[in-house]
Amino acid sequence: MAIDYQELIPNNVDLTDNKVLQRALEHWQPRFIDWWREMGPSDFLASDVYLRTATSVDAKGWASYGAVKMPEYRWGIFLADAVPDRRIGFGDEYGKPAWQQVPGEHRSVLRRLIVTQGDTEPASVEQQRLLGHTCPSLYDLRNLFQVNVEEGRHLWAMVYLLHAYFGRDGREEAEELLQRHSGDADKPRILGTFNEPVSDWLSFFMFTYFTDRDGKFQLKSLAESGFDPLARTCQFMLTEEAHHMFVGETGIGRVVKRTLEVMKELGGDDPAAIRSAGAIDLPTIQKYLNFWFSSSLDLFGAENSSNAASYFAAGIKGRPDESNYEDHTARDAVFELALPEGETGIRSETIALRNAMNEVTRGAYVRDCEIGVKRWNRLIAKAGIGAELTLPSPRFRRAIGAWAGRSVDPGGQPIAAAAWQAQQDHWLPSQSDRDFVRSLMQRVTAPGKMASWIAPPDRGINNLPVEYAYVHLQ
Ligand SMILES: [Fe+2]
Ligand SMILES: [Fe+2]
């Protein structure tokens, strides 16, 4: 379905046919712009940025590219096309028609899930709002802003659902999505990871690789929902989300590549020498990876969750790629969990598969995370270096679930608390690591030039050269 750009709010949901909804959203729109101007990349409001904007929702050619000032970006409401006679694909309601309205008995749960998803979108823009000042290149600066405007659009997607389907409390929730702020002591964002500051570009690339990928899996679960407008909204968001993870994967890959070049020039792997040459040593990259991977794992929730079971049973939230499973009701199936025993033991427990849905989704996420790690390791191997980056065990440094607060080493072995503390600075970025990474964050804005710690990308955006002036700073 084509998107109507004549409207104040571009959309493919026939907003003109619903004047009440249209007015409510047009009332919210200036508040969103105010939020963007204040809490978004506020020092770059006048810059022309080479951005893509969604212009249709079909698989080929859904975006158009051009120079845009970010506050003038056409944030809109786009749902994937409806599937005629769509049926619920899992749980006790399996095979029944998908819901076009919110079933009364699921209203508060659906509202909560939509608010929680919606809250992460502006949160990430807030977390990244100062990064533009230290961009390693104009190419990267443009990618940061592309991610930011699309997270803004994802907020629009969730606000549309709240306004269109949840009446007055939906409108109130939409207001509050602009009132909570990342890291705010009084009104923080809902999920912990989205209150962590993202104040350097290595963290930004880790965030887009690991935390946006959590977003991918949450969206994949919600794209299965029996609530059809939610499913269609999330399906289209996934199209945009893929670019965010591309930014993360290629960003980390380029950092690794630059480090390998410096190691080759130096003929060694001495971290101090690599750092003096302006690159980031592999052990430091590994520590950042450990931090952001473990933080993102918490976003999936507890391993054993009666909420997850009831969302699945009710047809509210499915498994990512539900159609790949044979048994869509998962009524009698079981799941084997590894749980802590005493200080240093591990025991296994069998639980109902429905209760383990968070863990099932987390497992799919971990396998997806492995793909990039393998690519980075191929770069390292090709350079003839005998080192590897690895994902730590999902039990490492958890704050939510059965392993929360446990002392577990990156290999997954529970250890004594004192031993963990003694090793902490080898596994996670220490203050001096963070200070060093921050010291590298110097703004580079000559077209085609890169900061000392990152290799250029293999290609530019939309077939343009890497040297293209992707942002015109004002
Ligand atoms: Fe998003
Ligand atoms: Fe994203």
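What follows draws every value from the coordinates through simple rules; no lab data is involved. Note that this is a predicted model, so its numbers are computed, not measured. For neighbour counting, all protein chains shown are included, and Cβ atoms are generated from backbone atoms with ideal geometry for every residue, glycine included.
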Starting from the Cα of residue 19, draw a straight line to each of the aspartates and glutamates and keep only those under 15 Å, dropping any in the same chain fewer than 8 residues away. 7
Do any of 96/216; 187/216; 69/287; 216/449 go past 28 Å between their Cα atoms, and which? 69/287; 216/449
Helix-only [θ]222 nm of the chain, DSSP H runs n ≥ 4, -39500 (n - 2.57) each, per residue, nearest 500: -15000 deg cm²/dmol
Sum of side-chain charges, residue 331 neighbourhood, beta-carbon under 10 Å (Lys, Arg +1; Asp, Glu -1): -2
Amide H of residue 68: which non-local residues (sequence gap of 5 or more, or other chain) have their own amide H closer than 5 Å, using H built in the peptide plane? 49, 50, 51
Pairs of alpha-carbon atoms within less than 8 angstrom and 6+ residues apart define the contacts here; what relative contact order does the chain have, in percent? 19 percent
Rounded to the nearest 20 debye, what is the charge dipole size of the stretch 77-127 about its Cα centre when +1 sits on each Lys and Arg Cβ and -1 on each Asp and Glu Cβ? 180 debye
For the stretch 317-474, whose charge dipole is built from +1 on Lys and Arg Cβ atoms and -1 on Asp and Glu Cβ atoms, the candidate among 472, 405, 431 with its Cα farthest towards the positive end is 472
Rounded, prolate or oblate: which fits the stretch 265-353 when a ≥ b ≥ c are the square roots of the eigenvalues of the alpha-carbon gyration tensor, with rounded for a/c under 1.5 and prolate only if a/b beats b/c? prolate
Charge tally for neighbours of residue 380 with beta carbon under 13 Å away, counting Lys, Arg as +1 and Asp, Glu as -1, is +3
To the nearest 20 debye, what charge dipole does the chain have about its Cα centre, counting +1 at the Cβ of each Lys and Arg and -1 at the Cβ of each Asp and Glu? 560 debye
Calculate the dipole size of the stretch 53-105 relative to its Cα centre from +1 charges on Lys and Arg beta carbons and -1 charges on Asp and Glu beta carbons; express the result in debye to the nearest 20. 260 debye
If you add up the charges near residue 247, with Lys and Arg at +1 and Asp and Glu at -1, over every other residue whose beta carbon is less than 9 angstrom from its beta carbon, what do you get? -3
Taking H as built 1.01 Å from N, whose amide H comes closer than 5 Å to the amide H of residue 334, not counting residues under 5 places away? 353
Is the chain rounded, prolate or oblate when judged by the Cα gyration tensor, a ≥ b ≥ c being the square roots of its eigenvalues, rounded requiring a/c under 1.5 and prolate requiring a/b larger than b/c? oblate
Among 114, 97, 84, which residue has its Cα positioned farthest towards the positive end of the charge dipole of the stretch 79-126, with +1 placed on the Cβ of Lys and Arg, -1 on the Cβ of Asp and Glu, and the dipole taken about the Cα centre? 97
Amide hydrogen neighbours beyond the local backbone of residue 91, cut-off 5 Å, H modeled: 329
Looks like the stretch 281-430, by Cα gyration tensor root eigenvalues a ≥ b ≥ c and the a/c under 1.5 rounded cutoff (else prolate when a/b is bigger than b/c, oblate otherwise), is oblate
At most 15 other Cβ within 10 Å, DSSP loop - GluC sites (Glu not before Pro), the stretch 289-362: 326, 343
Quick check: the distance between the Cα centres of the stretch 168-218 and the stretch 69-142, to the nearest angstrom? 13 Å
Cut-off under 14 Å on the C-alpha distance; same-chain residues fewer than 8 positions from residue 220 excluded. Which aspartates and glutamates are left, in chain and number order? 212, 228, 240, 241, 321, 322, 368
Rounded to the nearest Å, what's the spacing between the alpha carbon centres of the stretch 273-290 and the stretch 429-474? Just the number, please. 16 Å
Which helices count as membrane-span-like in the chain under these terms: full DSSP H, at least 18 Å along the axis by C-alpha, Kyte-Doolittle mean of -0.5 or more? 107-127, 138-165, 228-266, 282-297
With the dipole of the chain worked out from charges on the C-beta (+1 for Lys and Arg, -1 for Asp and Glu) around the Cα centre, which of 33, 251, 272 lies farthest toward the positive end? 272
